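Q: Submitted below is the structure of interest, expressed as structure tokens.
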Amino acid sequence: MQRKRAKGKAASPAVATVVVMRLYISGNAPNSVRAIANLDAICKEYLKDGYKLEIVDVFEQPARALAEGVIVTPSLAKVSPSPAVKVVGNLSDKGNVLLALGIEGRAG
Amino acid sequence: MDVTAEFEDLILRLIKGPAERQAIESGQIDAILDPATGRAILLPEAQLALRVDQARDRSLVKLSSDWQWEKDTQYRFVSCEGASTGSSGFADKSIIGKRLWDLPFDNMNDVQWQALRRELTRRAAYRDLELRSRDRAGNVHCFSISGEPVFNEDGEFKGYRGTAREIPGLQVADATSPGSVEIARATLDALTVRICALDSAGTIILANKAWGAFTATKQCIGVGIPEGTNYLAACDSAGGNTRANGVALAAGIRRVIAGKCELFRYEYGCNSPTGERYVCAFTVTALRRNHTVRAVISHAKTFTRKYAEHPLGRDHEDADRVPIVNAVLAAMTRREYQRLAIDLEPIRLNFGEVLYELGDTIQYIYFPSDCLVSLLTEVEGRMALEVGLVGSEGMVGTPLALGIGTSSIRALVQGPGRALRMEAARFQTAFRQSPSLQRALYRYTHLLMAQFTQTAACNRFHSVEARLARWLLMTHDRVSSDQFHLTHEFLADMLGVRRVGVTNAASELRKRKLIDYTRGDITILDRKGLAAASCGCYRIVKDLFDTLKLR
């Protein structure tokens with residue numbers, strides 16, 4: 001996590017650009033539903049329109065999820081700007097998510 | 001998190017990173033992807049949560065549908081639960097083990113079934129598939145069926161599950177109670193309006209008794225043609241005067257069948273072979289949720305409706321609307337008057353207007369409302385003499401009632417006002433068809449003849465003064481006012497005397513304070529005295545009118 005944070009800081013000027021993310025979930029399972037809600041709240045608060053989010057249901061596209069290195073759901077992958085970062089769990093730790101997305105500077 | 005040994009093994013094998021392990025331990029993970037099988041495996045807690053969810057879904061589904069069913073991977077029914085599996089033909093136990101296309105639904109052809117099977121192979125969900133069947137009692141049932149594919153946790157296709165409900169519709173309303181097909185049919189048959197139902201090609205697949213019993217005329221396009229014939233073809237082949245109507249009607253029906261409009265109305269006025277005038281009204285209604293019937297046509301022939309619209313329409317556009325005050329019209333039966341009224345045209349007649357000259361062909365007949373028409377005869381082409389007076393008690397154009405088309409007198413508007421007029425040809429037809437009009441006009445003609453004869457005698461034997469008094473009384477009877485405008489010259493013409501004669505007679509009456517006049521405006525001051533001054537001829541004719549009512 002330390003490494004990720006460092007990279008995130010380096011990427012912070014790029015926050016103005018669009019953040020592309022993928023959220024891997026498993027149907028209507030409880031943590032998946034929670035993760036969507038948590039991420040939605042974070043995006044609305046910090047990213048406004050500056051993001052693109054794709055939600056991938058591993059029941060529908062298991063092969064794709066595996067190919068993209070997903071091991072557990074829910075998990076969030078930041079695709080761009082680089083570096084690619086991954087967060088697992090239901091995204092209830094907001095600080096952790098913001099760090100991963102490289103926007104922790106705005107959190108304060 | 002209570003992870004069973006089986007899952008512990010899985011986690012140990014697959015989860016390498018500390019972040020994932022930590023997330024699993026804190027219960028934030030739903031599923032683990034197994035690269036060996038390529039499937040997602042739900043953790044026990046998520047499985048439990050989903051089961052609770054599904055149970056809740058199912059109870060909601062129960063509320064909104066009649067049946068819930070499940071099919072295996074070969075699309076065979078393995079279960080069907082729900083409402084009573086009585087006679088409705090869908091949900092009885094006999095469907096278990098069968099595919100949808102094995103069941104006796106009669107509204108799907110092979111091509112449609114093939115299309116559905118392709119969708120199922122794609123594991124597509126389907127919504128509101130409408131199927132129709134007949135139960136053993138012959139009642140028609142329509143079902144709306146929805147389904148979605150079921151996968152297990154491993155993402156493996158396990159079959160389909162879904163809901164079904166019976167659609168209450170026109171044809172299906174009868175499904176709940178046996179015998180109501182007959183009731184619906186009997187209701188349709190009891191209606192005097194002609195009704196038929198068309199399929200998508202425009203073929204009549206159902207028609208009520210009134211439709212079948214109707215003897216088609218050229219005007220009522222295609223009405224009465226039997227079940228199984230194409231109605232659109234009948235419209236297209238309409239010829240003669242009705243060609244335009246046939247084309248318009250067919251276009252409207254095609255729009256309804258194609259689903260471009262819900263309702264199409266078309267009406268036009270026409271004449272029956274016997275000369276009656278009526279309105280042909282077609283109403284075409286779309287039927288959406290039925291695979292066979294696409295449009296329902298009703299046809300009505302109305303006389304009364306146009307009549308109802310007639311005075312209403314006039315109300316707005318014509319302040320001079322004529323109230324029904326004419327005694328001849330009032331003597332008619334209501335029904336016959338309504339037919340006649342279609343062709344009555346309100347008109348305002350002006351002073352001095354000549355309705356017919358001697359020997360003219362009668363174009364119109366007139367029913368005065370509050371105007372006054374003098375009937376004059378001429379001697380040697382110049383001397384005029386009034387022989388009769390027509391007001392709201394009668395009709396101008398009586399020769400037509402006797403079968404004569406030319407006028408033997410001159411009809412001159414003497415008191416301006418309102419009247420209803422009617423074309424001579426239409427009047428003759430109406431007269432033939434209306435016994436009450438015949439009775440009224442025969443009586444009126446008799447009274448008019450009495451007036452003629454009495455006037456003839458009066459003109460020969462009585463003084464100008466007495467005749468003037470009589471004439472003023474007759475006029476007074478026919479206008480609602482005590483005052484009317486008449487010049488001495490005009491009066492001289494009426495009475496067949498010189499102007500001086502009229503002036504003398506009028507001064508005499510004025511001297512006796514019976515009337516007053518200034519510049520042609522005559523005022524009746526003493527009606528009783530005037531009656532006493534007139535000859536007996538007035539009384540004779542008046543009594544005749546009073547005793548011999550037109551009705």
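The values are calculated or read from the model by the stated rules, or taken from the named source; none is laboratory data. Because the structure is a prediction, the values reported are computed rather than measured. In this analysis, Cβ positions are derived from the backbone assuming ideal geometry, glycine residues included, and neighbour counts consider all displayed protein chains.
Q: So which residues in region B:15-24 are at the interface with chain A (Cβ under 7 Å from one of its Cβ atoms) and part of a loop (DSSP other than H, G, I, E, B), if there are any at all?
A: B:15
Q: Right, another one. Looking at residue A:35, is it out of contact with any helix residue (DSSP H, G or I) (no Cβ under 8 Å at 6 or more places or on another chain), within 10 Å of chain B (Cβ to nearest Cβ) and at pLDDT 90 or above? Break it down stepwise before answering.
A: Values: out of contact with any helix residue (DSSP H, G or I) (no Cβ under 8 Å at 6 or more places or on another chain): yes; within 10 Å of chain B (Cβ to nearest Cβ): yes; at pLDDT 90 or above: yes.
Yes; evaluated as a whole, the condition is true for this residue.
Q: Can you tell which of B:449, B:395 is of a type in the set (A, V, I, L, M) and without any contact (Cβ under 8 Å) to a residue 24 or more places away in the chain? Let's see the steps before the verdict.
A: Numbers: B:395 fails: without any contact (Cβ under 8 Å) to a residue 24 or more places away in the chain.
Criteria check complete, one pass: B:449.
Q: For residues in region B:25-35 being under 15 Å from residue A:70 (Cβ atoms) and either among the polar types (S, T, N, Q) or surrounded by fewer than 21 Cβ atoms within 10 Å (Cβ to Cβ) (or both), which is nearest to the other protein chains (Cβ to nearest Cβ)?
A: B:28
Q: Now a separate question. So which helices (runs of 4 or more DSSP H) are wholly in region B:185-259 and hold at least 2 residues that are surrounded by fewer than 20 Cβ atoms within 10 Å (Cβ to Cβ), touching a strand residue (DSSP E or B) at 6+ places or on another chain (Cβ under 7 Å) and modelled with pLDDT of 80 or more? Break it down stepwise before answering.
A: Working: elements: B:209-213, B:231-236, B:243-257.
In region B:185-259, the matching helices (runs of 4 or more DSSP H) lie at B:243-257.
Q: Please specify each residue of region B:489-508 satisfying the condition of being closer than 19 Å to residue B:454 by Cα and touching a residue at least 60 places away in the same chain (Cβ under 8 Å).
A: Within region B:489-508, B:493, B:494, B:495, B:496 qualify.
Q: Consider region A:15-45. How many of its residues are surrounded by fewer than 20 Cβ atoms within 10 Å (Cβ to Cβ) and in contact with a Lys or Arg (Cβ under 7 Å, 6 or more places away or on another chain)?
A: 3
Q: Give the residue that is nearest to the chain's Cα centre (by Cα), with candidates limited to residues of region B:36-52 that are within 20 Å of residue B:156 (Cβ to Cβ) and within 7 Å of another protein chain (Cβ to nearest Cβ). Show your work before the answer.
A: Pass one, region B:36-52, residues within 20 Å of residue B:156 (Cβ to Cβ): B:36-44, B:46-47, B:50-51.
Then drop every residue that is not within 7 Å of another protein chain (Cβ to nearest Cβ), which leaves B:38-40, B:42, B:46, B:50.
Details: B:38: 68, B:39: 66, B:40: 65, B:42: 65, B:46: 64, B:50: 58 Å.
Only one residue tops the list, namely B:50.
Q: Name the single residue, out of those in region A:39-64 being in contact with a strand residue (DSSP E or B) (Cβ under 9 Å, 6 or more places away or on another chain) and among the hydrophobic types (A, V, I, L, M, F, W, C), that is farthest from the other protein chains (Cβ to nearest Cβ).
A: Of everything passing the filter in region A:39-64, A:47 is farthest from the other protein chains (Cβ to nearest Cβ).
Q: Please state which one of B:513, B:528, B:542 is among the charged types (D, E, K, R) and not in a helix (DSSP H, G or I). Lay out the reasoning, then the answer.
A: Values: B:528 fails: not in a helix (DSSP H, G or I); B:542 fails: not in a helix (DSSP H, G or I).
On inspection, the qualifying residue turns out to be B:513.
Q: Now for a different question. Residue B:367 versus (1) closer than 24 Å to residue B:432 by Cβ; (2) part of a loop (DSSP other than H, G, I, E, B): which is the lone unmet condition?
A: That leaves (2) as the condition not met.
Q: Please give the number of the condition residue B:406 fails out of (1) surrounded by 19 or more Cβ atoms within 10 Å (Cβ to Cβ); (2) touching a residue at least 40 places away in the same chain (Cβ under 8 Å).
A: Checking residue B:406 against (1) surrounded by 19 or more Cβ atoms within 10 Å (Cβ to Cβ); (2) touching a residue at least 40 places away in the same chain (Cβ under 8 Å), the one that fails is (1).
Q: Another question about this same structure. Considering only residues that are surrounded by 15 or more Cβ atoms within 10 Å (Cβ to Cβ) and at pLDDT 85 or above, look in region B:493-502 and name the one that is nearest to residue B:471 (Cα to Cα).
A: As a first pass, look at region B:493-502 and keep what is surrounded by 15 or more Cβ atoms within 10 Å (Cβ to Cβ): B:493-497, B:501-502.
Cutting the leftovers down to at pLDDT 85 or above gives us B:501-502.
Numbers: B:501: 14, B:502: 12 Å.
The extreme case among them is B:502.
Q: Continuing with this model, one more query. Write out, first by first residue and then by second, each pair whose Cβ atoms fall under 9 Å of each other, whose residues are 6+ apart or on separate chains, and whose first residue, in region B:109-127, is touching a residue at least 24 places away in the same chain (Cβ under 8 Å) while the second is loosely packed, with under 11 Cβ neighbours inside 10 Å and assigned to a helix (DSSP H, G or I).
A: Note: pairs meeting the criteria are B:124/B:118.
Q: Return the residues of region B:463-486 that are under 49 Å from the mean Cα position of the chain (by Cα) and of a type in the set (Val, Ile, Thr); say none if nothing qualifies.
A: Across region B:463-486, the qualifying residues are B:475, B:479.
Q: Is there a residue being touching a helix residue (DSSP H, G or I) at 6+ places or on another chain (Cβ under 7 Å), at pLDDT below 85 and in a helix (DSSP H, G or I) anywhere in region A:12-21? Walk me through how you get there before you give the answer.
A: The initial filter retains those residues of region A:12-21 that are touching a helix residue (DSSP H, G or I) at 6+ places or on another chain (Cβ under 7 Å), namely A:12, A:19.
The next check asks that each one be at pLDDT below 85; those that pass are A:12.
Those still in the list that are in a helix (DSSP H, G or I) too: A:12.
Checking region A:12-21: at least one residue is touching a helix residue (DSSP H, G or I) at 6+ places or on another chain (Cβ under 7 Å), at pLDDT below 85 and in a helix (DSSP H, G or I).
Q: Shifting gears a bit: Are any residues in region B:30-69 touching a Pro at 6+ places or on another chain (Cβ under 8 Å), at pLDDT below 80, among the charged types (D, E, K, R) and in a helix (DSSP H, G or I), and if so, which ones?
A: Once the filter is applied, which keeps residues that are touching a Pro at 6+ places or on another chain (Cβ under 8 Å), at pLDDT below 80, among the charged types (D, E, K, R) and in a helix (DSSP H, G or I), region B:30-69 yields nothing.
Q: Could you tell me whether any residue of region B:83-105 is at pLDDT 75 or above, outside any loop (DSSP other than H, G, I, E, B), of a type outside the set (S, T, N, Q) and more than 30 Å from residue B:206 (Cβ to Cβ)?
A: First, the residues of region B:83-105 that are at pLDDT 75 or above: B:94-105.
Now restrict to residues that are outside any loop (DSSP other than H, G, I, E, B): B:94-95, B:100-102.
Checking the rest, the ones that are also of a type outside the set (S, T, N, Q) come to B:95, B:100-102.
Checking the rest, the ones that are also more than 30 Å from residue B:206 (Cβ to Cβ) come to none.
No, that holds for no residue.
Q: I'm checking my understanding of the structure. Among residues of region B:130-154 that are at pLDDT below 75 and within 14 Å of another protein chain (Cβ to nearest Cβ), which one is farthest from residue B:68 (Cα to Cα)?
A: For region B:130-154, the residue satisfying everything is B:154.
Q: When the residues of region B:420-479 are narrowed to those that are in a helix (DSSP H, G or I) and β-branched (Val, Ile, Thr), which ends up surrounded by the fewest Cβ atoms within 10 Å (Cβ to Cβ)? Full working, then the answer.
A: Narrowing region B:420-479 to residues in a helix (DSSP H, G or I): B:424-433, B:435-461, B:464-478.
Checking the rest, the ones that are also β-branched (Val, Ile, Thr) come to B:429, B:445, B:453, B:455, B:464, B:475.
Values: B:429: 19, B:445: 16, B:453: 14, B:455: 23, B:464: 21, B:475: 20.
Once the filter is applied, the top-ranked residue is B:453.
Q: Could you grab me the full set of residues in region A:65-82 that are within 11 Å of another protein chain (Cβ to nearest Cβ) and of a type outside the set (Val, Ile, Thr)? I'd like the intermediate steps shown before the answer.
A: Here is the first cut: in region A:65-82, the residues within 11 Å of another protein chain (Cβ to nearest Cβ) are A:65-75.
Within region A:65-82, A:65, A:66, A:67, A:68, A:69, A:74, A:75 qualify.
Q: A further question follows. Would you please list the contacts, defined by Cβ atoms under 8 Å and residues six or more apart or on different chains, that run from a residue in region A:83-96 that is more than 8 Å from chain B (Cβ to nearest Cβ) to a residue that is assigned to a loop (DSSP other than H, G, I, E, B) and crowded, with 19+ Cβ neighbours inside 10 Å?
A: From residues that are more than 8 Å from chain B (Cβ to nearest Cβ), the pairs are A:85/A:102; A:91/A:74.
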